[in-house]
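Please treat every number below as a calculation from the coordinates, not as lab data. Since we're looking at a predicted model, the values are computed, not measured. Cβ: placed from backbone, ideal geometry, glycine included. Neighbour counts: every protein chain shown.
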Amino acid sequence: MREYETYFLMKAEDVPGYVRKKLPDFFPAGAVLSAKEIGDGNLNYVFRVKDEGSGKSIIIKQAGEETRISKEMRLSTDRGRIEAKILSIQSDLAPGLVPTVYSYDEVMCAILMEDMVGHSMMRTGLLRHETYPRFAEDISTFMARSLLLSTDVVLDHKKKKELVRSFINPDLCEITEDLVYTEPYNDQKKRNNVYPPNAAFVRKELYEDEALHLEVAKLKFSFMNDAQALIHGDLHSGSVFINPEHTFVFDPEFAFYGPMGYDVGNILANLFFARCNGFATIEKEGEKEVFCNWTLSTMVSIVDQFTAKFKALWKERAREPMAKVKGFLDYYMGRVLADTAGVMGLELIRRTVGMANVKDLTAIADEAKRTRAERTCILLAKDCILHRESFRKGADYEAAIHRVEEKVQKKELEEA
Ligand code: SR1
Ligand code: MG
């Protein structure tokens with residue numbers, strides 16, 4: 001039997017023996033174990049090991065030295081440690097909303113964790129046009145608690161600084177700095193994936209818009225310098241496992257101390273991608289209306305519930321005396337909400353034209369519909385970035401979305 005004492009990248013056949021070695025009591029003796037690689041992310045390998053007799057299962061997530069999306073991108077495997085550590089912290093801060101980590105193996109850079117049985121990856125479910133009535137409630141609780149409770153508002157400042165130190169995550173932050181905050185605006189590494197029918201539109205709206213570049217530069221420096229909260233760092237619909245009754249947030253390997261609007265804005269943008277997919281691909285009008293209305297009302301509700309929960313939790317848990325000064329909570333909330341709108345715009349743009357696209361858009365087979373969906377994302381994104389101070393409530397997002405959808409439709413009618 002292999003000893004797993006030096007790092008190597010496991011294949012499915014290595015994993016049952018690995019689990020037996022690391023967690024000898026997890027499965028009953030004599031259990032017949034099967035293993036399958038189920039990951040579809042850009043970076044890591046994810047295996048499900050199952051005892052076919054009892055149905056009991058476990059997930060093993062291993063960090064490779066090079067990414068899956070590009071062999072040229074090499075990354076520190078320390079991201080596994082960061083992920084295991086933040087999952088434990090988030091589990092304390094937002095109980096029940098993250099999977100349980102059983103163990104982290106520093107040699108193999110592998111996390112042994114709860115299998116989120118009965119849940120599907122949210123992006124996959126959204127592509128089937130499923131709706132999740134609890135999502136706004138769960139994700140707003142997760143974000144309000146995991147973000148606010150990790151800040152200087154609540155924590156002892158030395159403890160918070162220790163956390164900042166232990167979550168320094170340079171390789172993964174560099175990916176975000178490049179792929180989210182730089183390349184979509186200049187294609188400097190020639191890695192952007194621009195849908196050819198939108199090439200001229202992207203050049204004009206993104207590569208040549210200097211006013212936009214200035215606002216993106218401000219947001220980039222906020223991402224790099226504002227050690228506000230322990231953020232998930234990649235909170236898109238592929239980082240959520242869900243069913244109609246419950247939500248799990250996982251995959252926080254991009255975690256570090258950064259601006260909390262990064263998480264909130266990411267979630268909103270990814271719901272908008274689902275809406276665009278619904279508009280473009282659902283044929284039955286009634287079904288289209290139900291799904292698209294749900295995506296929008298969920299976005300609105302996330303903004304409003306997050307704000308309300310954040311403020312209530314602040315009043316209950318703030319310990320820093322100067323944070324209790326009259327007017328400071330409203331000032332702070334205003335900054336978070338402006339960052340949220342800015343990041344929603346950045347995520348909409350980078351997933352449309354950057355290196356890591358989303359299936360919600362790329363799976364739209366009809367050329368005219370995909371072209372239109374992408375333009376809608378880009379124009380909405382620019383509104384969110386350029387006017388981010390005016391996005392304060394869910395209703396502001398709703399109005400902006402209706403505005404841009406009508407504008408794109410009107411332009412199409414004029415051109416037809
Ligand atoms: C090279 S990794 C590309 C993207 O996948 C991850 O999920 C992050 O979103 C990253 O930006
Ligand atoms: Mg991921």
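Side notes on the structure shown:
- Classified by the C-alpha gyration tensor, region 100-164 has an oblate form. Its axis ratio a/c, with a ≥ b ≥ c, is 1.5 or above, and a/b does not exceed b/c.
- The chain, helix-only ellipticity at 222 nm - DSSP H runs n ≥ 4, -39,500 (n - 2.57), divided by all residues, nearest 500: -16500 deg cm²/dmol
- By average C-beta atoms within 10 angstrom, highest first, the peptides 382-392, 312-322: 382-392, 312-322
- Rounded to 10°, Cα long-axis angle of helix 210-225 versus longest principal axis of the chain: 30
- Available extension along the chain between Lys218 and His246 is 6.4 nm, counting 0.36 nm per residue and deducting the alpha carbon span.
- Angle in degrees between helix 394-415 and the longest Cα principal axis of the chain, rounded to the nearest 10: 60
- Computed Rg/Rh of region 235-318, alpha carbon atoms with Kirkwood Rh: 1.03
- Given their separation in residues at 0.36 nm each and the Cα-Cα distance between them, Arg203 and Arg2 gain 67.0 nm when the chain is fully extended.
- The separation of region 171-205 from region 296-360, counted between C-alpha centres, amounts to 24 Å.
- Relative to one another, the C-alpha centroids of region 375-406 and region 241-271 are positioned 20 Å apart.
- Here the simple spin-label model places points 7 Å from the Cα toward Cβ, and for Ser301 and Leu23 these points are separated by 3.3 nm.
- Residues considered: Val353, Val15, Val117. Largest GNM mean-square fluctuation over the chain, using C-alpha springs under 10 Å, is found at Val117.
- Estimated from the Cβ-Cβ distance and a Förster radius of 41 angstrom, the FRET efficiency linking Gln188 and Lys161 is about 0.75.
- Exposure proxy ranking, count of Cβ atoms within 10 Å, fewest first, for Val107, Val19, Val49: Val107, Val19, Val49
- Region 120-415 shape via C-alpha gyration tensor axes, a/c threshold 1.5: prolate
- Normalised by 2.2 N^0.38 Å, where N is the number of residues, the alpha-carbon radius of gyration of region 1-102 equals 1.15.
- Seen against the Cα atoms of the chain and their longest principal axis, helix 367-386 is set at about 80 degrees.
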